[in-house]
1. Determine ³J(HN,Hα), in whole Hz, for all residues of region 372-386 in sequence, where each value follows from phi through the Karplus function 6.51 cos²θ - 1.76 cosθ + 1.60 and θ = phi - 60°; x replaces Gly and Pro.
2. What residues qualify as long-range amide H neighbours of THR124, i.e. H under 5 Å apart, gap of 5 or more or another chain, H built at 1.01 Å from N?
3. Amide H to amide H, which residues 5 or more places from SER332 or on other chains are under 5 Å from it, using H placed in the peptide plane?
4. Which residues' amide hydrogens lie under 5 Å from the amide hydrogen of GLU481, considering only partners 5 or more residues apart or on another chain, with H built in the peptide plane?
5. How would you order 337-343, 62-68 from highest to lowest mean count of nearby Cβ atoms within 10 Å?
6. Given the Cα-Cα distance of ASN368 and ARG81 and 0.36 nm per residue of separation, how much length would full extension add, in nm?
7. So, with +1 on the Cβ of K and R and -1 on the Cβ of D and E, and no other charges, what is the size of the charge dipole of region 60-142 about its Cα centre, to the nearest 20 debye?
8. Skip the ligands, DNA and RNA, and give the accessible area per residue of region 260-355 with a 1.4 Å probe, whole Å².
Amino acid sequence: MRRRALNSAGSQFGTARRVAASALLVVGAGGCLTLDPETAKPLALPASTPRVLGAGGVSDRAHAQLVASFGGAYRSPRAERILSDISRRLVAASDEPGQSYQVTVLNSPTINAFALPTGRLYVTRGLLALANDTSEIAAVLSHEIAHVTAKHANARGELERNADLVSKVSADLLNDTAGGDRARARSRLTIASFSRLQELEADQFGVRTMARAGYDPYGSVRFLTSLGRSGGLRSSGAKVDFLATHPTTPERVQKALLAARQIGGPGQGESNREGWLRAIEGMAYGDDRGGGVIRGRRFISTASGYGFSAPEGFTLEANGQVVIGRGAGGLSAMRFDRVARENGQTPEDYLRTGLLEGVIMEDVRPLNINGLAAATGIGRSKDWSYRLAVIEMDGSIYRLLFSAQSLSSDVDGQFIAAIESFNRLSSDDARTVKPTQIGLVTAGTNEDAVALARHMTSERALERFSILNGLDGATPIRPGELYKIIVE
């Protein structure tokens, strides 16, 4: 029986996206937007496939795999038309006006954008929802176009290949494992710095390009500010990676502001707020109902007919039917997913085969969870302890994996309660889960953000309303102007 084990190293239950830097530029939340390795599905680009799109490019098949890993393409004719118009103007004003580009909207609530060296540009619907006018979207697209024209992917790939060669020579040819480790550590610092410089360079090129194309260069400043605030809403209490490959958002905002000021004062160029808001009205917001939705600590899949609740204090994120949870302070985490059940395999059999590499299983025992056959056990490694459970339902195995630095009886009790919350949905439960989308409301006379946020179907409604509309405490609500809200 062969099955990929879940890797317990690093960011508990994290699965890394392995895409060659020379083939794909991934830019993420807080910058050209990072992919969260804990929520990303593994993506294997084929080594050789037909119809390769240019030097360093990827095939149509690889493009399809990439799009599928983000939940598929999202169709929004109005948004697609305006994205196409913006990209055409930006390309004409770029350093390589002969390069062709194609924009794909990804069906993901994450705020993300990236580019392939071939000219394929990708933006998530989560990013489109955060933007408030055409100049903000132009800032994102011109940043990605700058990555392509500056050939950043090829440069980073060459640097990483050289770094790997140095560490391999140290470790293999000179029999110096410690030297190889030191070389890898030094190269990681160098590559991180190199990528940060790429991001800042793309920001500078992007601001100049969007200004030449006739867009308000301060759109970059506004979008980066909203991006930073959105990241704070999502990940308060999260650990900071000081080797992150992207500059901090405040640094990028400041440098984008300086670049915009070199062009001129505020008020220059197109922004077209109403045109953009009308284009995204009705667009799905948040989780795709087909893959499952998050309501507070509860995850519900109406398609597969089940739900469960995370422990108190956990924040959930979903990518398809992979759900990642983080406890307060980063001292605990969870992962939930589903795999096919093999014939004759019991939940206990499944647990005993080992879900986590390098983790010793203890106390494996059967359970009955709301009428479903299940099993649970404890796993231990050098630094973490784990409570694992598998539940059988309708030919599938559902896996709940929890980690904690200290698996006290209280913490373990919370994990077990979360496992026991797994249940089939009743028809009434399924009907209560409604998809959410972007709506628009016109501000009335004397209405403020508090009044408009009451229209929201969302937790932390006022905070989310303010971030979604690029508002801060000093920004007044303008009567007669459109504002985004989240509705069912």
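The values are calculated or read from the model by the stated rules, or taken from the named source; none is laboratory data. These numbers come from a predicted model, not from an experiment. When we count neighbours, we look across all protein chains shown, and the Cβ atoms used for this are built from the backbone with ideal geometry, even at glycine. Ligands, DNA and RNA are stripped out before the accessible areas are found, and what is left, the full protein with its side chains, is counted by its heavy atoms. Shrake-Rupley method; radii C 1.70, N 1.55, O 1.52, S 1.80 Å.
1. For region 372-386, the Karplus-derived couplings read 10, 5, 8, 8, 9, x, 10, x, 9, 10, 4, 10, 10, 10, 9 Hz, x marking Gly and Pro.
2. Amide H neighbours of THR124, under 5 Å, 5+ apart: LEU106, ASN112.
3. GLY327
4. Amide H neighbours of GLU481: ALA443.
5. Sorting 337-343, 62-68 by mean packing, highest first, produces 62-68, 337-343.
6. 98.1 nm
7. On the way: 8 positive and 7 negative charges, 59 e Å.
Dipole of region 60-142, to the nearest 20 debye: 280 debye.
8. Dividing the accessible area of region 260-355 by its residue count gives 43 Å².
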